[in-house]
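Since the structure comes first, as structure tokens, the remarks are kept for the end.
What follows is calculated from the coordinates using simple rules that are stated; it is not laboratory data. Owing to the predicted nature of the structure, the values given are computational and were not obtained by experimental measurement. Virtual Cβ from ideal backbone geometry, glycine too; neighbours counted across all protein chains shown.
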Amino acid sequence: MGAVEWQKIPSSLSELCINTTLRCGQSFRWRKNDAGVWSMALHNRILSLHQDPEHLYYRATFPAAQPALPTPPASHAPSVAAGAEEDDTPALVQHYLNLAPNLTELYKQWSAADANFAKKAPKFTGVRILRQDAWEALVGFICSSNNNIARISQMMHKLCVHYGPLLGHLDGEPYHDFPEPAALAQEGVEANLRSLGFGYRARYLYETACMVVEKPDGWLDGLRNPEAPVLGQKAEDGGEWQASGREGYRKAHEELLALQGVGPKVADCVCLMGLGWGEAVPVDTHVWQIAQRDYKFGKGKHSSLTKATYDAVGDKFRSLWGKEAGWAHSVLFTADLRAFSERLVAKVEKKEEDVEVKKEDGEEPVLEDIKKEEKVVEKRIKREDEDGEKDVLAVEGTVRRSKRARKG
DNA sequence: GTCGAACCTTTCGA
DNA sequence: ATCGAAAGGTTCG
């Protein structure tokens, strides 16, 4: 493995908070280790992240002996073992984390346009829409139907372990890149996924993989917002704005609907998080609750979440928040997640106690000391994420414990 | 266009 | 602890 030193770039927690962004239901593959470092296999390397109030730190770990070329004369292929020849990790980080937009400015705009956003957003700053791989987003959100984030994460992990190429190990854990469509379009995949606990989504994944494989090359990325091209491509104009969404967005949404297991909500998730269409507003159970509670839906004409109501909710948010409505929506969605619910309660003296109780419950005692350190770090950077660790560790815990001594 | 039921399994919360 | 409900929905009739 060719590990590279940590790099750092200036970044405030208002511009990006990875502890929120990486576990708010956008990507389901990030794992946090005991030292508080987030890692994920991405584009043929293991990308690791952590941050303090002033900086974002990143590091890539490349697989050993991964010759870009069929290993010509090994004569002077020196320590360049991997990736060192033009390390594109800085560009990848910039691209994946979507660091270009000024998030503070966007929050200001959304707050000015919407009192409810202004009220909710201050406790959920730094939520950034990631630019994920479109295929991964498609698979992840097909799995998300009628499901919970912990299980979706577990399923994505299994998918990588069983069908993705192994890149290497970190903290003793294997990291696999995300499988290509062809890997999931093979005979027997459906049955195997079912046995792995995917339930009825096994068939959706297999059939969608087959359909994608049959499409012309580059079909999925062809549905991208030209303003948000894949890494290395030049940005172009995204088309004319309208409250129902730009033409390219509508086209992408419509095409995605033809895939198995893809309805309006999943299609919007892929549009927003995989294809760069900022106006895509996925309306799920959370957003529907929000729309009823805070935006006067749920009565009369729009009393139930029909297709027409679905579109109306999206239009409402698009006309309210504009071109990046899906982004604003994600902030409110995050605020609605149980995993973050503690931020909504007022800071009272009882809180410390509650946290302690939660921590002891269901966690390995061995981790106690480490976790207290972690807590200190979290406090130092002035975030309130003690609550979050519990959830994240729970996800990893099930994976790990299933292989080791679970009974204690 | 709308409605209801069925769908797999895990996690959550009372 | 245990058990029903809910979980970032979609499909089918």
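Mind checking the dipole of the range A:168-301: about its Cα centre, +1 per Lys or Arg Cβ, -1 per Asp or Glu Cβ, Debye to the nearest 20? Don't jump to the answer; show the numbers that get you there.
On the way: 14 positive and 21 negative charges, 169 e Å.
Dipole about the Cα centre, nearest 20: 800 debye.
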Notebook entry, point to check: Can you list the HN-Hα couplings for the range A:118-124, worked out from phi with the Karplus curve (6.51, -1.76, 1.60; θ = phi - 60°), rounded to whole Hz and with x for Gly and Pro?
Noted result: 4, 6, 7, 5, x, 8, 10
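Tell me, rounded to the nearest percent, the portion of alpha carbon pairs in the range A:103-338 spaced more than 26 Å apart.
Details: 11447 of 27730 pairs.
Tail fraction, whole percent: 41.
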Next item on the list: Quick one: which residues, 5 or more positions from residue A:42 or on another chain, have an amide H under 5 Å from its amide H? H modelled 1.01 Å from N in the peptide plane, none for Pro or chain starts.
Entry: A:47
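Looking at this model, which pairs from A:158/A:323; A:215/A:296; A:32/A:299; A:123/A:158; A:251/A:301; A:158/A:307 are more than 31 angstrom apart at the alpha-carbon?
Details: A:158/A:323 35 Å; A:215/A:296 41 Å; A:32/A:299 42 Å; A:123/A:158 33 Å; A:251/A:301 27 Å; A:158/A:307 33 Å.
Flagged as over cut-off: A:158/A:323; A:215/A:296; A:32/A:299; A:123/A:158; A:158/A:307.
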Next item on the list: Putting +1 on Lys and Arg Cβ atoms and -1 on Asp and Glu Cβ atoms, find which of A:277, A:327, A:253 reaches farthest to the positive end of the dipole of the range A:103-338.
Entry: A:327
Next item on the list: Take peptides A:3-12, A:129-138 and line them up by average Cβ neighbours within 10 Å, highest first, as a rough protection proxy.
Entry: A:129-138, A:3-12
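Order A:332-341, A:193-202, A:231-240 from most to least packed using the mean count of other Cβ atoms within 10 Å. Write down the numbers at each step before the final one.
Numbers: A:332-341: 18.7, A:193-202: 16.9, A:231-240: 11.5.
Output ranking for A:332-341, A:193-202, A:231-240: A:332-341, A:193-202, A:231-240.
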Check: So what are the ³J(HN,Hα) numbers for the range A:177-184, from phi and the Karplus equation (6.51, -1.76, 1.60; θ = phi - 60°), rounded to whole Hz, Gly and Pro as x?
Finding: 6, 6, x, 6, x, 4, 5, 9
